[in-house]
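The values are calculated or read from the model by the stated rules, or taken from the named source; none is laboratory data. These numbers were taken from a predicted model, which means no experiment stands behind them. FYI the Cβ positions are ideal-geometry reconstructions off the backbone, even for glycines, and counts take in every protein chain you see.
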2 protein chains.
Amino acid sequence: MTHGDAIRPEASVPGAATRVGKATGVALWRQVADHFEQAIAAGTYSAGMRLPPEKEVAERFHVNRHTVRRALAELGSRGLVRSARGSGTYVGAQRIAYPIASRTRFSEIVGASGRQPGGRLVASATEAASDVVARSLGIKAGAAVVRLELLRHADGVPICIATTWLAVERFPDAASVYAARRSITRTLSAHGVTDYRRAKTRVVAAAADFDDSLRLDVKPGSPILLVESVDIDMQGRPVLATRARFAADRVEFVIES
Amino acid sequence: MTHGDAIRPEASVPGAATRVGKATGVALWRQVADHFEQAIAAGTYSAGMRLPPEKEVAERFHVNRHTVRRALAELGSRGLVRSARGSGTYVGAQRIAYPIASRTRFSEIVGASGRQPGGRLVASATEAASDVVARSLGIKAGAAVVRLELLRHADGVPICIATTWLAVERFPDAASVYAARRSITRTLSAHGVTDYRRAKTRVVAAAADFDDSLRLDVKPGSPILLVESVDIDMQGRPVLATRARFAADRVEFVIES
DNA sequence: TTTTATTTGTCCGTATGTATA
DNA sequence: GTATACATACGGACAAATAAA
């Protein structure tokens, strides 16, 4: 390896030059990766933008193209960029920061990210509670529950498919109320629940099946974030049991303790 | 459709028979799925066990094989079961419940699940902090940090690859201390940090790259849970910045608010 | 090693009830 | 009310992978 100098791209490369001493013990590929990570974070490269071709990057950094590829692979494995053969490497869309906290409201979260939240009621039905749902809602298995299936989106881009169950006894016409008010919060308040909070959240990852791929507009097999949650009212009684499937490349969950 | 009766498997089927009225508005495939979900939760079918063949299930439930397939697909998409052509459908291994809370310690969490925790130091190095790491640790970009790369496992099964950064100024020989004590907690206490807590956690999902597939023993492209976290000491100063990649089918994150 | 049976995966098709335009 | 689209459910046939003989 005969690159005489530190990693320092030419001025023509967008973004401030990353200046790192040459004997830092940091692998070259990591320095290149850090450079692009910082440039993306700084907005030099925005969502959907194409990065310079690998060959060009290699020349400007005075490293081998394989070193650049190693760096881009690192960023790719974290979803920051995606490479398209014969086309280029593109910056992935910015994920919506989705805080999982006591107060977790889809529309507020999406709105806070500067996007227009939306939800479409895909299906609704009254059914007998399965054991799992019944336990979450603190009711007897087989008791009547309303199931609401929502496709939620931000700026028209699908974010998640959420299935929510409510006990019929407490929320007899949840389906029709939701259809009219188009908001879970307002549906609950129409039934006298003025406030509610998240009690428990369970996060798992899985691969998108064919159904997900159609409804969330992702490729089958791509990662899905599966969230099971229970919300309770101010008296501590469960009001909502939800099972949601998020397109993994569109959200990041943030937990502050 | 001439199945005259409710979903009610014969007594020979393991597990209590699920009795559901025929006009509940619940699709047959969902009833079958609920039955197996409950049976798995109840332990009737334990991890790794093979479910009865689709044909057999169809006969016993008096439904078509396609209906059974739809039910198993639902469970499969949630990772509860996985199907192998020519062999059968198997119950997935139970995930380690990984609480993300103020006190988050790998060995304690794995130990609590009844498994033997372990960790192998894959690599360690002293390097200059990248912008992202520096911001997390509250130090100047370029300041010296120790990077520890750990492969953590439970009962010998790899769970995650964790990369942890510590400021050299505060933890000068973190690498050698960890190598000797084999515990992050003990490494910190050797440097005078008696207690620490999780301040922020960020969860994202991605697909396993080739590297992950080798080290975590998963198939390339299978889902990976990516966790970035910062731990702080009792004075609120950052002590650890960590980036971990979990095999998604081996853990479930639990957040209680 | 070869054969055979088992089991899942993928097609084809038909019919029916329900929600939507 | 009618037409259309969709999800559900069923029946059959065969391919492909696996496991057992």
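Can you find even one residue in region B:59-67 that is away from chain A (no Cβ under 14 Å), closer than 26 Å to B:Val218 by Cα, part of a helix (DSSP H, G or I) and away from DNA strand C (no atom under 12 Å from the Cβ)?
Narrowing region B:59-67 to residues away from chain A (no Cβ under 14 Å): B:59-67.
Cutting the leftovers down to closer than 26 Å to B:Val218 by Cα gives us none.
Looking for residues that are away from chain A (no Cβ under 14 Å), closer than 26 Å to B:Val218 by Cα, part of a helix (DSSP H, G or I) and away from DNA strand C (no atom under 12 Å from the Cβ), one finds none in region B:59-67, hence no.
Among the residues of region B:103-110, is any under 21 Å from the mean Cα position of the chain (by Cα) and within 12 Å of chain A (Cβ to nearest Cβ)? Before the answer, list the steps.
We begin by selecting, within region B:103-110, every residue under 21 Å from the mean Cα position of the chain (by Cα); these are B:103-110.
Retained after the next criterion (residues that are within 12 Å of chain A (Cβ to nearest Cβ)): B:103-104.
Yes; the residues of region B:103-110 include at least one that is under 21 Å from the mean Cα position of the chain (by Cα) and within 12 Å of chain A (Cβ to nearest Cβ).
Regarding B:Gly48, is this residue assigned to a helix (DSSP H, G or I), within 16 Å of DNA strand D (Cβ to nearest atom) and under 21 Å from the mean Cα position of the chain (by Cα)?
no
Pick out, from region B:200-257, the strands (runs of 3 or more DSSP E) lying fully within it that include 2 or more residues that are out of contact with any Asp or Glu (no Cβ under 7 Å at 6 or more places or on another chain) and of a type in the set (Gly, Ala, Ser).
B:238-247
Give me a count of the residues in region B:213-245 that are at the interface with another protein chain (Cβ under 9 Å from one of its Cβ atoms), more than 27 Å from A:Arg103 (Cβ to Cβ) and touching a strand residue (DSSP E or B) at 6+ places or on another chain (Cβ under 6 Å).
So the answer is 5.
Determine which member of the set B:Ala134, B:Ala175 is within 14 Å of chain A (Cβ to nearest Cβ), of a type in the set (A, V, I, L, M, F, W, C) and within 23 Å of B:Ala199 (Cβ to Cβ). Give the steps one after another, and end with the answer.
On the way: B:Ala175 fails: within 23 Å of B:Ala199 (Cβ to Cβ).
That would be B:Ala134, the only listed residue that is within 14 Å of chain A (Cβ to nearest Cβ), of a type in the set (A, V, I, L, M, F, W, C) and within 23 Å of B:Ala199 (Cβ to Cβ).
Would you confirm whether any residue within region B:156-178 is of a type in the set (D, E, K, R) and surrounded by 20 or more Cβ atoms within 10 Å (Cβ to Cβ)? So that I can check it myself, show each step before the final result.
At the first step, the residues of region B:156-178 found to be of a type in the set (D, E, K, R) are B:169-170, B:173.
Then drop every residue that is not surrounded by 20 or more Cβ atoms within 10 Å (Cβ to Cβ), which leaves none.
Looking for residues that are of a type in the set (D, E, K, R) and surrounded by 20 or more Cβ atoms within 10 Å (Cβ to Cβ), one finds none in region B:156-178, hence no.
Return the only residue of A:Ala23, A:Ala41 being loosely packed, with under 13 Cβ neighbours inside 10 Å and modelled with pLDDT under 80. Reasoning before the result, please.
On the way: A:Ala41 fails: loosely packed, with under 13 Cβ neighbours inside 10 Å.
None of the other options fit; the residue is A:Ala23.
Taking B:Gly111, is it of a type outside the set (D, E, K, R), crowded, with 17+ Cβ neighbours inside 10 Å and within 24 Å of B:Val254 (Cβ to Cβ)?
On the way: of a type outside the set (D, E, K, R): yes; crowded, with 17+ Cβ neighbours inside 10 Å: no; within 24 Å of B:Val254 (Cβ to Cβ): yes.
For B:Gly111, the condition - of a type outside the set (D, E, K, R), crowded, with 17+ Cβ neighbours inside 10 Å and within 24 Å of B:Val254 (Cβ to Cβ) - is not met.
List pairs: first residue in region B:77-93 and closer than 9 Å to B:Ala47 by Cα and away from chain A (no Cβ under 13 Å), second residue of a type in the set (Val, Ile, Thr) and away from DNA strand D (no atom under 11 Å from the Cβ) anywhere in the structure, Cβ distance under 7 angstrom, at least six positions apart or on different chains.
Close Cβ pairs (under 7 Å, with a partner that is of a type in the set (Val, Ile, Thr) and away from DNA strand D (no atom under 11 Å from the Cβ)) amount to B:Tyr90/B:Val81; B:Val91/B:Ile40; B:Val91/B:Val81.
Regarding B:Ser124, is this residue surrounded by fewer than 20 Cβ atoms within 10 Å (Cβ to Cβ) and within 11 Å of DNA strand C (Cβ to nearest atom)? I'd like the intermediate steps shown before the answer.
Values: surrounded by fewer than 20 Cβ atoms within 10 Å (Cβ to Cβ): yes; within 11 Å of DNA strand C (Cβ to nearest atom): no.
It is false that B:Ser124 is surrounded by fewer than 20 Cβ atoms within 10 Å (Cβ to Cβ) and within 11 Å of DNA strand C (Cβ to nearest atom).
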